[in-house]
Amino acid sequence: MQEHFHLNTPLLESVSMSKLLGTTVYMKMENSQPSGSFKIRGIGHLCQQLSGRSRGVVCASGGNAGMAAAYVARKMGVPATIVVPSSSPQLVVRRLQDEGATVRIVGKVWDDANAEALRLSESEGLTFVPPFDHPFLWEGHASMIAEVSASLGSGVKPGAILLSVGGGGLLCGVIQGMKDVGWMDVPIIAMETVGADCLNAAIKAGKVVTLDGITSEAKCLGAKTVCQRAFEYSRSGEPKIISELVTDQQALTAIDTFLDEERVLVEMACGAALAAVYSGLIRRLQEQGRLPTPLRPLLVIVCGGSSINMGELSALKEKLHI
Ligand code: PLV
């Protein structure tokens, strides 16, 4: 079997973001992974550990974890069942089917789909693939930081790392990677959209809480409860995690700007992180003294996402009045 399923993605310098922030901005282009997002790292690793002689895998997903699970299952020659909520666009269902997966649409949001996936794993004896809450996923995602560190060269550290948070798997994986390369003194800016803000809500409440519902269009950030480990990291203060929110409008505008400037189309989940640069949030954090000035290079995790094409982008613009 091949060693892993993910690719070593490019680390690109963004001239326009660098100009905007007055510091070098590096983008880790996880959009260029097979299956369209970073998820392949963790899910590839988890499937290798868990599903060697599996009868098949089952994954509940807003879309991208499912895309990764379907891709890995196809490569491993096992069937994949992906359960998505009705909030996932038709485009996602088609892409999953093209990847060879059986798709089931259950419930309104990811948490509903997850309950069904757990049930199926028991009744059908399928390997359950969680999208964000498992140590194997974090181990797999950590490879991203090892690659960035190798690309930057020894002794070079970013001034901050910018990423999106859904259920917190990306956050936990990045921190795992930071531990491995000795970057625990680098702050993380953890972005969510209003209405898909389970980490921010947990931090405010001082404990893990479950949101009533998901009102954001960033459906791939739409877990109602953040994973315990992500919350624990946020409490520990090491690394420092700055949890911030943007509106759907800001995330969508960021996607548009990113498409214009970098010629790459990403989904709303990724737009949440990009909006921190384009909306002026990073500058504001510097003014408030929560990030240093001058800032050493900023590392942006371009997490990608498959739930987007030009049609979907237009539909989102209409819906959000942009
Ligand atoms: N998406 C998960 C969870 O959805 C999924 O099932 O695909 N960026 C993109 C493009 C994503 O797809 C996700 C997660 C994230 C960021 C956030 O990652 P997380 O969940 O590990 O914090 C409900």
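The values are calculated or read from the model by the stated rules, or taken from the named source; none is laboratory data. Note that the structure is a prediction, hence the values are computed from the model and not measured. Note that each Cβ is placed from the backbone with ideal geometry, even for glycine, and that neighbours are counted across all protein chains shown. For accessibility, only protein heavy atoms count, side chains too; no ligands or nucleic acids. Shrake-Rupley method; radii C 1.70, N 1.55, O 1.52, S 1.80 Å.
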log₁₀ I(q)/I(0) of the range 63-102 at q = 0.14, 0.21, 0.31 Å⁻¹, via Debye over equal Cα point scatterers, no solvent, to two decimals? -0.24, -0.53, -1.06
Translational D (Stokes-Einstein, µm²/s) of the range 39-128 at 25 °C and 0.890 mPa s when Rh comes from the Kirkwood sum over C-alpha pairs? 197 µm²/s
Counting pairwise Cα distances across the chain, what percent come out greater than 26 angstrom? 41 percent
Cβ-based charge dipole, the range 39-128, positive-most Cα from SER121, TYR71, LEU96: TYR71
Alpha carbon convex hull of the range 110-233, projected area averaged over orientations, nm²: 8.5 nm²
Taking Cα pairs closer than 8 Å and at least 6 residues apart, the relative contact order of the range 135-222 in percent is 30 percent
What is the extension gain from LEU259 to MET310, computed as 0.36 nm multiplied by their sequence separation minus the C-alpha to C-alpha distance, in nm to one decimal? 17.3 nm
I'd like to compare 222-229, 61-68: which one has the highest average count of other Cβ atoms within 10 Å, and what's the full order after that? 61-68, 222-229
Using the alpha-carbon centroid of each, what span in Å lies between the range 160-215 and the range 261-284? 16 Å
Full-stretch length increase - LEU50, ALA146 - with 0.36 nm per residue and alpha-carbon distance subtracted: 32.2 nm
If contacts are Cα pairs under 8 angstrom and at least 6 residues apart, what is the relative contact order of the range 39-128 in percent? 32 percent
Convex hull of Cα atoms in the range 202-315, direction-averaged projection (nm²): 8.1 nm²
To the nearest Å², the heavy-atom accessible area per residue of the chain with 1.4 Å probe amounts to 39 Å²
Can you work out D for the range 92-147 in µm² s⁻¹ from Stokes-Einstein, where Rh is the Kirkwood radius over C-alpha pairs, the temperature is 20 °C and the viscosity is 1.002 mPa s? 161 µm²/s
Here D for the range 37-193, in µm²/s, from Stokes-Einstein with a Kirkwood Rh over Cα pairs at 4 °C and 1.567 mPa s, works out to 80 µm²/s
